[in-house]
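Just so it is clear, none of the values below were taken in a lab; they were calculated from the coordinates. If you're wondering where the values come from, they're calculated on a predicted model, not measured in any experiment. Quick reminder, even Gly has a Cβ in these numbers, built from the backbone with ideal geometry, and neighbours come from all protein chains shown.
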Amino acid sequence: MMAPMIDEFAEEYEGELKVGKINVDQSPDVAQKYNVMSIPMFAFFKNGEVVETAVGALNKSKLQGIIDKVLA
């Protein structure tokens, strides 16, 4: 399950990174806006714009790499 790992990153990067989770069944408008076709789907934003996306269950090192890239 991805949720515990995501929560861990939210704590680790507190102050540098905001983490949000969306239930696409409850928010289909958001899913449509960001073209969510499968879950889990990760969208990384910088200055309000999507700068990176990833789909599927990612391992910790892959997710860490994406976060570090976005924050660089």
Which members of the range 38-55 meet the condition of being in contact with a Phe, Trp or Tyr (Cβ under 9 Å, 6 or more places away or on another chain) and among the charged types (D, E, K, R)? GLU52
For the range 1-19, name all the residues that are surrounded by fewer than 14 Cβ atoms within 10 Å (Cβ to Cβ), assigned to a helix (DSSP H, G or I) and of a type in the set (Gly, Ala, Ser). ALA3
Just need a number here: residues in the range 23-67 that are without any contact (Cβ under 8 Å) to a residue 40 or more places away in the chain, assigned to a loop (DSSP other than H, G, I, E, B) and over 10 Å from the mean Cα position of the chain (by Cα). 15
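Name every residue in the range 20-33 that is loosely packed, with under 13 Cβ neighbours inside 10 Å, within 20 Å of ALA3 (Cβ to Cβ) and of a type outside the set (Gly, Ala, Ser), in order of residue number.
LYS21, ASN23, ASP25, GLN26
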